[in-house]
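The values are calculated or read from the model by the stated rules, or taken from the named source; none is laboratory data. Predicted, not measured: the structure shown is a model, and the values here were computed from it. Cβ coordinates were reconstructed from backbone atoms using ideal geometry, including for glycine residues, and neighbour counts include every protein chain displayed. Each accessible area value is taken on the protein alone, full model and side chains, heavy atoms only, with ligands, DNA and RNA left out. Shrake-Rupley method; radii C 1.70, N 1.55, O 1.52, S 1.80 Å.
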Amino acid sequence: MDYLDWNHQISAHFFNTGRAGYRVRLYVTEAVINEIGASYGAGLADFIAAVQTGPPWVKEGQLCLKAKRSWQEWRARSLPYPPYLAYLALFALAAGREGNYNPNAYYPRLKELLGEAPLSGAPPYFDVMLELWADLERWANLDQQGRLGLFTADIAGNRVHVGIPIAQTILTEEERRALPFIFSEAGFNPLALPNSPAMAARLLLFGRSLLK
């Protein structure tokens with residue numbers, strides 16, 4: 001699969017008529033990438049190679065610069081989906097990446113996913129990615145009028161540049177590790193779980209300090 005194949009399939013996976021009027025999060029995992037690429041015989045490694053190559057009209061530059069160039073004046077190309085969406089999927093994938101990382105270490109996750117040394121510090125032009133997230137919100141909510149789903153570029157925590165990809169994860173790695181403790185403190189019985197309102201009330205009470 002080339003970059004545009006991945007971009008189209010990922011876009012259609014998250015934004016489609018079945019999501020009309022509903023909130024969409026780019027909750028991207030390795031399993032999601034493998035599922036999307038399965039019918040093409042492609043998986044995570046192929047996806048990473050595709051985003052590093054970029055769309056055909058972007059010939060050179062580092063990854064975030066290619067993402068920026070794919071976004072600029074893209075509507076003039078009459079594409080069905082924003083051509084930068086695969087890049088945003090990559091950033092969301094990095095947010096939930098498992099491994100021996102500091103819980104707040106986003107950039108090492110992203111860099112190791114790309115086959116680089118897992119060092120701290122943002123890649124060049126990463127701050128510009130805020131414009132891409134904002135444009136996705138405009139495309140979903142205004143251009144498409146929510147017909148393929150609604151999107152809000154929420155920011156998790158107080159780290160602006162990484163807060164949006166982190167907000168796409170339903171639970172962070174740290175939160176997933178805290179779940180057994182929260183469930184135990186809340187007295188949940190896996191054989192007789194309470195109804196949704198009761199469960200939400202207990203999670204608010206016992207998980208307030210551990211769940212974002």
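So in region 1-19, with the set limited to residues that are of a type in the set (A, V, I, L, M, F, W, C) and either open to solvent by 60 Å² or more (accessible area, probe 1.4 Å) or in a helix (DSSP H, G or I) (or both), which one is nearest to Ile164 (Cα to Cα)? Don't jump to the end; show me each part of the working.
From region 1-19, those of a type in the set (A, V, I, L, M, F, W, C) are 1, 4, 6, 10, 12, 14-15; that's our starting set.
Narrowing the set further to residues that are either open to solvent by 60 Å² or more (accessible area, probe 1.4 Å) or in a helix (DSSP H, G or I) (or both) leaves 4, 6, 10, 12, 14.
Numbers: Leu4: 23, Trp6: 21, Ile10: 18, Ala12: 20, Phe14: 16 Å.
Filtering first and then ranking leaves Phe14.
Out of everything in region 111-155 that is of a type in the set (Phe, Trp, Tyr) and part of a loop (DSSP other than H, G, I, E, B), what residue ends up being most open to solvent (accessible area, probe 1.4 Å)?
Tyr125
Being out of contact with any Phe, Trp or Tyr (no Cβ under 8 Å at 6 or more places or on another chain), open to solvent by 10 Å² or more (accessible area, probe 1.4 Å) and closer than 20 Å to Gly96 by Cβ is true for just one of Tyr40, Tyr22, Tyr27. Which residue is that?
Working: Tyr40 fails: closer than 20 Å to Gly96 by Cβ; Tyr22 fails: closer than 20 Å to Gly96 by Cβ.
Every option except Tyr27 fails the conditions.
Quick one: count up the residues across region 75-102 that are of a type in the set (D, E, K, R) and farther than 29 Å from Ser120 by Cβ.
2
Assuming Gly54 fulfils every condition listed in (1) open to solvent by less than 30 Å² (accessible area, probe 1.4 Å); (2) at negative phi apart from one, which condition is it?
All conditions are met except number (2).
Out of the residues in region 183-212 meeting the condition of being under 26 Å from Pro103 (Cα atoms) and open to solvent by 90 Å² or more (accessible area, probe 1.4 Å), tell me which one is farthest from the chain's Cα centre (by Cα).
Here the answer is Glu185.
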